[in-house]
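A short write-up of the structure that comes next.
The values are calculated or read from the model by the stated rules, or taken from the named source; none is laboratory data. Just so we're clear, the structure is a prediction, and the values are computed from it rather than from any experiment. Cβ coordinates were reconstructed from backbone atoms using ideal geometry, including for glycine residues, and neighbour counts include every protein chain displayed.
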Amino acid sequence: METSNRVLRSKPWFQEHAQKIIALSFWILLVVVYQWYAASNQLSPLQVVQRTLAFMQNGIWGVLIYVILYAVRPLILFPATFLSVAAGFVFGPLLGVLYTIIASNISSTIAFFIGRFFGEGMLKDDGSDNLVQRYARRMRENSFETVMIMRFIFLPYDAVSYLAGFLRIKYWPFILATALGSIPGTMAFIGFGASIETFDGALPKLNPVTLGFSFAIFIVSIALSRIFKKREGAPLSSPHFPGENGGTEGGEHFSTIVIGAGSGGMTVAIGLAGLGRKVALIEGNHVGGDCTNVGCVPSKTLIHLAKNFKPGMNPDDVLQEVIRKRDALREKETEEVQHLENLTFIRGMAKFIAPKTLSVTHDGVSHELTADNIVIATGARPRMIDIPGLPEEMILTNESLFDLTNAPKHLVIVGAGVIALEMAFAFQKIGTKVTMFALDRRPLMTSIPEASEAIQAELDKRGITLYCGTVAKACDVSTHSLILKSGDEEITLTGVDKVLVAVGRVKNIDSLGLEQARLEQGRRAGVKVDPRLGALVNSFGETNVKGVYAIGDVTPTSAFTHSANAQGRRVVQRIAFPYLPLAKKEPLFPNATFSDPEVATVGLTQQQLAEYCHPQIIKRIRVDFKDHTDRGYTDGIENGFIIVDAVRLTGQILHATIVGPRASEMISFFTLAISQKISLHKIYRLVYPYPTFSSGILKVADFFMRETLPNLGKELAAYLKYRFAKP
């Protein structure tokens with residue numbers, strides 16, 4: 001039945017492509033008519049251009065005529081070179097380049113989509129390895145570099161555009177490569193046109209200086225094409241095939257392999273696949289990584305549901321809803337990555353066996369893959385501690401917590417950091433007794449002391465006991481007791497049924513075989529790794545091994561989903577568009593703790609401020625929501641504030657911490673202000689809706705201006721004295 005259905009659906013080739021045949025017939029007719037007209041009137045392309053010169057010199061209308069003629073000339077296969085030279089002659093070198101870049105991009109877009117129309121259904125990737133299919137795959141996988149090289153070496157302009165469309169490569173890499181790659185050629189031909197002093201059909205008189213510049217640009221363009229070829233990693237005449245680049249015969253080759261399908265890994269894989277690169281995404285567990293499965297999504301679902309929990313409701317229903325929403329999103333993301341164009345999803349555990357070669361093992365079966373680029377995005381796992389006598393069935397981590405279907409009666413949490421506090425508040429709200437202990441001196445040790453004080457006050461208010469400077473001594477299973485030790489004092493917790501360990505994370509890099517990812521045979525060093533910080537990378541995510549990147553939790557600077565995502569976007573740009581400018585520094589990463597109240601921070605830490613700034617150059621401003629904003633008063637906010645550290649006189653913001661409702665939403669304003677150096681002087685002029693918590697930001701600027709403007713002399717003297725003084 002299936003075979004007969006396919007037979008019934010099949011159409012003759014001419015019927016299937018009838019529209020294209022008709023369109024091609026009209027196109028051929030248009031070209032023939034133009035050629036007949038030109039031949040009948042003895043018009044060469046140069047003579048056609050000479051006749052249009054008068055129109056092109058007619059002010060703004062001349063520019064418009066030129067752009068339109070340039071844009072539509074691919075339809076009659078009129079050479080672009082003659083019009084470019086004419087633009088240089090009429091408009092001069094600067095305006096000629098500007099107008100021609102605009103016109104050429106329009107014309108290449110028209111040619112691209114004409115090629116795409118004719119290419120639809122004509123060249124299907126059936127996995128064969130013939131020359132045409134190899135070139136087609138190469139164009140799609142390395143579309144930006146390939147088009148850029150073609151533009152640099154002055155291949156026929158319209159032919160490249162038609163070919164790119166016919167092979168159905170992604171439009172944005174094509175047009176970006178066209179816009180950039182055509183600049184040297186445009187400058188060369190425009191320069192040649194600008195060097196012509198007369199354009200009357202006789203042998204032109206040329207300006208030697210402008211002509212020399214044009215020739216120099218021509219040489220530069222050819223040189224750039226060679227650089228791009230080397231950067232791309234293989235000549236155009238030899239597309240990649242299985243077994244190249246150190247891979248074994250039969251191993252599949254990819255443009256990029258991403259190890260880990262978490263937030264950062266999916267950002268890179270989906271981003272590059274969307275740009276036409278051939279990408280493999282390897283995951284040994286669940287798609288979505290920690291964020292979807294054991295982190296952000298289930299924890300924030302629990303926090304949201306706990307916020308709306310009312311007496312009489314069943315806490316077990318809350319936990320089961322957390323599981324349902326987590327599983328639904330996991331299934332959705334898994335389905336999506338398995339059906340994305342240019343992306344191959346592979347289940348298994350990956351390990352380096354050579355610099356650009358991985359061995360992937362799944363269900364005891366291993367196979368090898370090779371790639372031009374490999375991105376490590378394997379995340380982290382919970383750090384464990386040993387508590388004598390504590391049985392495994394009582395131990396929870398964030399990886400097992402969200403599989404609970406029954407709420408514990410008494411939950412003991414080891415740690416006082418982000419995960420510990422978020423879960424403490426959430427479980428307390430659904431009726432669980434929560435006790436915390438930590439070796440730290442205060443909750444949220446990475447935040448400023450004022451934030452810790454606000455959190456401690458809320459813990460006390462909600463009956464959550466936190467023992468600081470405390471360790472676990474033993475567990476007595478028979479009495480469900482946990483014995484703690486704080487100095488010389490012993491503390492016994494009774495009725496304990498679960499213990500959540502939240503004392504930090506361990507980077508997942510020990511099983512990747514990074515020592516095998518060395519630069520060359522015989523060299524000892526593989527990817528450089530710090531035992532505490534993880535894989536060492538520069539601000540672009542590049543390790544010391546060319547073509548090997550690392551992002552997310554495995555790096556020293558990222559510990560959050562949003563920072564892994566930001567690093568992933570930078571890696572996408574670095575791989576896909578290596579010659580586009582990219583900020584040398586990583587973007588600023590804010591952080592947020594979804595406790596109650598929320599705590600959000602961005603900018604320099606207190607340790608960094610002490611190391612880099614003299615204390616007298618910093619002005620600290622505190623705005624309490626309860627006392628300084630009407631919204632804080634109406635909502636009864638007891639523990640909420642904004643603290644900003646700024647440079648005296650200039651108002652440059654160095655650090656901001658917000659404690660209170662929606663702190664995680666408001667912190668982005670300070671992220672923007674610090675990144676773009678928006679001072680408190682400028683913020684002072686803003687207008688906020690009333691009454692809002694975010695109007696507290698305006699109050700910060702008010703306080704700064706109130707203290708600065710009446711004391712300008714004093715502030716200027718302090719600035720000059722301490723701005724460059726050592727801490």
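Brief remarks on what is shown
- Some residue of the range 406-415 being buried (at least 22 other Cβ atoms within 10 Å of the Cβ) and over 25 Å from Glu321 (Cα atoms): yes
- Residues that are crowded, with 17+ Cβ neighbours inside 10 Å and either among the acidic types (Asp, Glu) or over 32 Å from the mean Cα position of the chain (by Cα) (or both), drawn from the range 627-649: His628, Thr629, Arg631, Gly632, Ile637, Asn639, Gly640, Asp645, Arg648, Leu649
- Test result for Asp627, more than 29 Å from Lys585 (Cβ to Cβ) and without any contact (Cβ under 8 Å) to a residue 12 or more places away in the chain: yes
- In the set Ala472, Ala454, only one residue is on the phi < 0 side of the Ramachandran plot, buried (at least 19 other Cβ atoms within 10 Å of the Cβ) and under 40 Å from the mean Cα position of the chain (by Cα); that residue is Ala454.
- Test: residue in the range 35-58 that is β-branched (Val, Ile, Thr), modelled with pLDDT of 80 or more and assigned to a helix (DSSP H, G or I): no
- Any hit, the range 7-18, residues being within 18 Å of Phe117 (Cα to Cα) and modelled with pLDDT of 70 or more: yes
- Phe112, sole failed condition from (1) at pLDDT 85 or above; (2) of a type in the set (Phe, Trp, Tyr); (3) in a loop (DSSP other than H, G, I, E, B): (3)
Yes/no matrix, rows are residues, columns are (1) over 25 Å from Arg383 (Cα atoms); (2) modelled with pLDDT of 95 or more; (3) assigned to a loop (DSSP other than H, G, I, E, B):
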site	(1), (2), (3)
Glu422	no, yes, no
Ala454	yes, yes, no
Ala457	yes, yes, no
Leu512	no, no, yes
Gly522	yes, no, yes
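- Any hit, the range 33-49, residues being within 26 Å of Phe118 (Cβ to Cβ), surrounded by fewer than 18 Cβ atoms within 10 Å (Cβ to Cβ), of a type in the set (A, V, I, L, M) and over 48 Å from the mean Cα position of the chain (by Cα): yes
- Scanning the range 374-398 for residues that are among the hydrophobic types (A, V, I, L, M, F, W, C) and within 29 Å of Gly552 (Cα to Cα) yields Ile374, Val375, Ile376, Ala377, Ala380, Met384, Ile385, Ile395, Leu396.
- Residue match in the range 153-168 (condition: at pLDDT below 70, β-branched (Val, Ile, Thr) and either more than 17 Å from Gly276 (Cα to Cα) or assigned to a loop (DSSP other than H, G, I, E, B) (or both)): no
- Hey, Phe199 more than 27 Å from Trp27 (Cα to Cα) and at pLDDT below 70 or not: yes
- Of all residues in the range 50-72, those satisfying the criterion of being within 19 Å of Ala159 (Cα to Cα), surrounded by fewer than 22 Cβ atoms within 10 Å (Cβ to Cβ) and not small (Gly, Ala, Ser) are Leu69, Val72.
- If you check Ala328, Ala354, Ala273 for being more than 19 Å from the chain's Cα centre (by Cα) and over 30 Å from Met423 (Cα atoms), only one passes: Ala354.
- Taken over the range 382-396, the criterion of being touching a helix residue (DSSP H, G or I) at 6+ places or on another chain (Cβ under 7 Å) and not in a loop (DSSP other than H, G, I, E, B) is satisfied by Pro382 alone.
- Any pair with Cβ under 9 angstrom, 6 or more apart, that starts in the range 343-354 at a residue that is farther than 19 Å from Gly289 by Cβ and ends at one that is buried (at least 18 other Cβ atoms within 10 Å of the Cβ) and hydrophobic (A, V, I, L, M, F, W, C): Phe352/Leu358; Phe352/Ile374; Phe352/Leu512; Phe352/Leu514; Phe352/Ala517; Phe352/Val527; Phe352/Val548; Ala354/Ala517
- Any hit, the range 601-608, residues being free of Cβ contacts under 8 Å to residues at least 60 places away in the same chain and either farther than 28 Å from Arg662 by Cα or in the same structural domain as Val418 (by TED's automatic domain parsing) (or both): no
- Each residue in the range 420-457 was checked for being in contact (Cβ under 8 Å) with a residue 40 or more places away in the chain, over 23 Å from Cys296 (Cβ atoms) and touching a helix residue (DSSP H, G or I) at 6+ places or on another chain (Cβ under 7 Å), and 2 pass.
- Residue list for the range 165-181, restricted to those being closer than 19 Å to Val72 by Cβ and either more than 25 Å from the chain's Cα centre (by Cα) or among the basic types (Lys, Arg) (or both): Gly165
- The numbered conditions (1) modelled with pLDDT of 95 or more; (2) more than 30 Å from Leu493 (Cα to Cα) are all true for Lys351 except (1).
Let's see how each residue does on (1) in a helix (DSSP H, G or I); (2) in the same structural domain as Lys626 (by TED's automatic domain parsing); (3) within 30 Å of Asp596 (Cβ to Cβ):
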site	(1), (2), (3)
Thr657	no, yes, yes
Ala673	yes, yes, yes
Lys699	yes, yes, yes
Asp702	yes, yes, yes
Glu707	yes, yes, no
Pro710	yes, yes, no
Lys714	yes, yes, no
Ala718	yes, yes, no
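- Across the range 371-394, the number of residues qualifying as in contact with a Leu (Cβ under 8 Å, 6 or more places away or on another chain) and of a type outside the set (Gly, Ala, Ser) comes to 5.
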